[in-house]
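The structure appears right after this line, and notes come after that.
Every read-out reported here was derived from the displayed coordinates using simple, explicitly stated rules and does not represent laboratory data. Note that the structure is a prediction, hence the values are computed from the model and not measured. All Cβ positions, glycine included, derive from the backbone under ideal geometry; neighbour counts span all protein chains shown.
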Amino acid sequence: MQLPLIYKKSMQRYFYALGIILITVLGFNILGELLGLLSGNGLSGLTLSSFYHGVADPFLSCSFVLMGVYYLVEPYSEFKIGIQNGQSRWQIWVSQIYGVLSISIFAWLIYLFGTGFQHLNVATAFGILLLIIDIVVFSYAIGSGFALLSRLWKIIVGIALPTILLILIVQIIRLMVNFWHPSAATLNTLAGIFNWHGSWILFGLLWLAIMLGCSYLFTMHQQLRRD
């Protein structure tokens, strides 16, 4: 089965960036050990386990950062490649969704490997996977929206939108504190809802559906730009 063009190029870029991160982290660790050796501290405190954690821990952290920001910057470049190679907007969107799922599953496996598969049941593992997918698809939806904007408007929206959202959140919290005085029964009911794992799963699925819808609409309206 031939992989879609955009999906193949997206995975090549993603794992290329991941490889650079791994080489960089590994290089800094080796350099640190060499500097310790040259300064006379030697390698007496170095063990295979400490060297592994010295590489694995920052690599895992950086890989999760890459997971969160990759689709903030990639949608337009992938759209441009797709259009130039005769791909329809639908094909581009589907290929990018394949990429979102692949990156999410890969990040999930990295997380499971990093935790040693400890204290995880099926429900918890699925919940973590859904959370990772929600984060990546949220990043993809924002990146697809930004792909509609010129560079100037990206800066304006990137500054204005978080500011507006922060003001709205503060105002909502202030209104709730001043005017909403729920009874004990209401608080117990809300606590029960939030403590039920199923409610978080439903919220995650709803969030996923909304973000997929937004990314679809944004992708269907994307145009090639000259800036």
A chain fully extended from W90 to I30 at 0.36 nm per residue, minus the present Cα-Cα distance, gains in nm 17.0 nm
Give, in nm to one decimal, the length gained when the segment between Q171 and L112 is fully stretched (0.36 nm per residue of separation minus the Cα-Cα distance). 17.4 nm
First measure r as the distance between the Cβ atoms of L152 and L202, then evaluate 1/(1 + (r/R0)^6) with R0 = 41 Å and state the FRET efficiency to the nearest 0.05. 0.55
Net charge over other residues, Cβ less than 12 angstrom from the Cβ of I142 (K, R count +1; D, E count -1): 0
Which of the aspartates and glutamates could a cross-linker span from K9 if the Cα-Cα distance has to be under 12 Å and same-chain partners fewer than 8 positions apart are dropped? E74, E78
Show me 165-174, 6-15 ranked by packing, highest mean number of other Cβ atoms within 10 Å first. 6-15, 165-174
Please list 125-132, 81-88 highest first by mean number of surrounding beta-carbon atoms within 10 Å per residue. 125-132, 81-88
Answer rounded, prolate or oblate for region 60-125, using the Cα gyration tensor with square roots of eigenvalues a ≥ b ≥ c: rounded when a/c is under 1.5, else prolate when a/b is larger than b/c, else oblate. prolate
